[in-house]
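Heads up, the thing below is written out as structure tokens.
The values are calculated or read from the model by the stated rules, or taken from the named source; none is laboratory data. Not measured: the values here are computed from a predicted model. Because the Cβ atoms are built from the backbone with ideal geometry, glycine has one as well, and the counts that use them run over all protein chains shown.
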Amino acid sequence: MRNAYRKLSRGFTLIELLVVIAIIAILAGILFPVFAKARESGKQATCLSNLKQIGSGVALYQQDFDERFPFGIDFTDAAIGGIGGWKGAFPNSNYWVTKLAKQTDPVDGGIHGGYIDHVMRSYVNSEGAWRCPGDTGIGGIGYATATSYAIPFTGSDLTRPVWQYSRGAAKWGGTSYVYRTELGLWGAQAGKRIGQVIYPAGCNVLMDAAHYWHARLKRSPRSGGSGNSNDLLDYNLGSFSILFADGHVANLTTKEYNDAWEKTTRTVITSTGSATTPFN
């Protein structure tokens, strides 16, 4: 009887243990990427929900301001405005971008009162709504799209989320999203309203500041270069979460985003030359 008990209670052999460990390792190799993908998809869904909430705030703003888009700028405008990034885009644009960059917040008296999140503070007062959970930072100012005026980041600016950079020393706010600033400028200078947008479903109002924050392409920022920098080498492989003028939100590839914008713009002649406008 004791011999039978000993036979039944013997442990695993070394080979059996190694087989079990190998099976667990294989399953982990299969499942972990799936879990990571699901986690990034969840962050993307939250990002789109944030933009939808901001879109509701924009609609409320337009009810109060004669159907015009918010008159504000984003952190990239504040940086390039002083070096002429807006000069000549259309009449007085550089003047207004510079002026908005210096405004104080009417709520707390702090800086960045002309930044889009502060302009919209009475309509979207949750700081979290302005921050994409996938925000891993960006390679520099102006790197949301391929531009010749991009300013590369270095050091700590390269490693912190965009919303932290855009907040700076302000008492409130900080956003991961960049704003289609000309919407507000055209409204303030020429009285353009939401009903005059050529193609509202293709006109981006706010969007991610980088193309590699979501499941389609997930990575950290890259430093180096200027204009078409190292951070933009895989530009066509990424995607952006976007709020459009008609209120809908979507995560689009770079090509889809560019194609949508092409449908909603036309070239006009101003006193300073030609300009692109999304308005009729």
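Could you say which residue among 273, 191, 195 is out of contact with any Ser or Thr (no Cβ under 9 Å at 6 or more places or on another chain), of a type in the set (Gly, Ala, Ser), surrounded by fewer than 16 Cβ atoms within 10 Å (Cβ to Cβ) and modelled with pLDDT of 95 or more?
195
Among the residues of region 122-141, write down those that are among the charged types (D, E, K, R) and under 13 Å from the mean Cα position of the chain (by Cα).
131, 135
Is there a residue in region 101-123 that is surrounded by fewer than 21 Cβ atoms within 10 Å (Cβ to Cβ), closer than 28 Å to residue 253 by Cβ and at pLDDT below 95?
no
Scan 75, 32, 90 and give me the residue that is over 29 Å from residue 157 (Cα atoms), at pLDDT below 95 and touching a Phe, Trp or Tyr at 6+ places or on another chain (Cβ under 8 Å).
Matching residue, one of 75, 32, 90: 90.
Enumerate the pairs (first residue in region 75-99 and farther than 23 Å from residue 173 by Cβ; second residue anywhere and modelled with pLDDT under 80 and part of a helix (DSSP H, G or I)) with beta-carbon separation below 7 Å, excluding pairs fewer than 6 apart on the same chain, so at least 6 apart or on different chains.
As it stands, the answer is 94/81, since those pairs meet every condition given.
Just checking, does region 183-190 include any residue being within 28 Å of residue 70 (Cβ to Cβ) and either touching a Cys at 6+ places or on another chain (Cβ under 6 Å) or not in a helix (DSSP H, G or I) (or both)?
no
Of everything in region 64-80, what is in contact with a helix residue (DSSP H, G or I) (Cβ under 7 Å, 6 or more places away or on another chain) and more than 11 Å from residue 141 (Cα to Cα)? Give them in sequence order.
The answer is 67, 68, 69, 70, 71, 72, 73.
Checking the condition among the small types (Gly, Ala, Ser) and free of Cβ contacts under 8 Å to residues at least 40 places away in the same chain, which residue from 187, 168, 155 passes?
155
Per-residue answers, yes or no, for (1) touching a strand residue (DSSP E or B) at 6+ places or on another chain (Cβ under 6 Å); (2) closer than 16 Å to residue 198 by Cβ; (3) surrounded by 18 or more Cβ atoms within 10 Å (Cβ to Cβ); (4) among the acidic types (Asp, Glu):
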site	(1), (2), (3), (4)
253	yes, no, no, no
259	no, yes, no, yes
269	no, no, no, no
277	yes, yes, yes, no
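Please enumerate the residues belonging to region 165-180 that are farther than 20 Å from residue 238 by Cα, out of contact with any Ser or Thr (no Cβ under 7 Å at 6 or more places or on another chain) and in a loop (DSSP other than H, G, I, E, B).
Residues satisfying the conditions are 168, 169, 170, 171, 172, 173.
Take region 139-188 and flag every residue that is buried (at least 19 other Cβ atoms within 10 Å of the Cβ), at pLDDT below 85 and closer than 21 Å to residue 244 by Cα.
142, 143, 144
Residues checked against (1) assigned to a loop (DSSP other than H, G, I, E, B); (2) out of contact with any Gly (no Cβ under 8 Å at 6 or more places or on another chain):
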| site | (1), (2) |
| --- | --- |
| 124 | yes, no |
| 128 | no, yes |
| 132 | yes, yes |
| 143 | yes, yes |
| 163 | no, no |
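What number goes with the only condition from (1) more than 23 Å from residue 269 (Cβ to Cβ); (2) at pLDDT 90 or above; (3) surrounded by fewer than 24 Cβ atoms within 10 Å (Cβ to Cβ) that residue 223 does not pass?
(2)
Any idea which residue in region 203-217 is nearest to residue 76 (Cα to Cα), counting only those that are of a type in the set (Gly, Ala, Ser) and crowded, with 24+ Cβ neighbours inside 10 Å?
209
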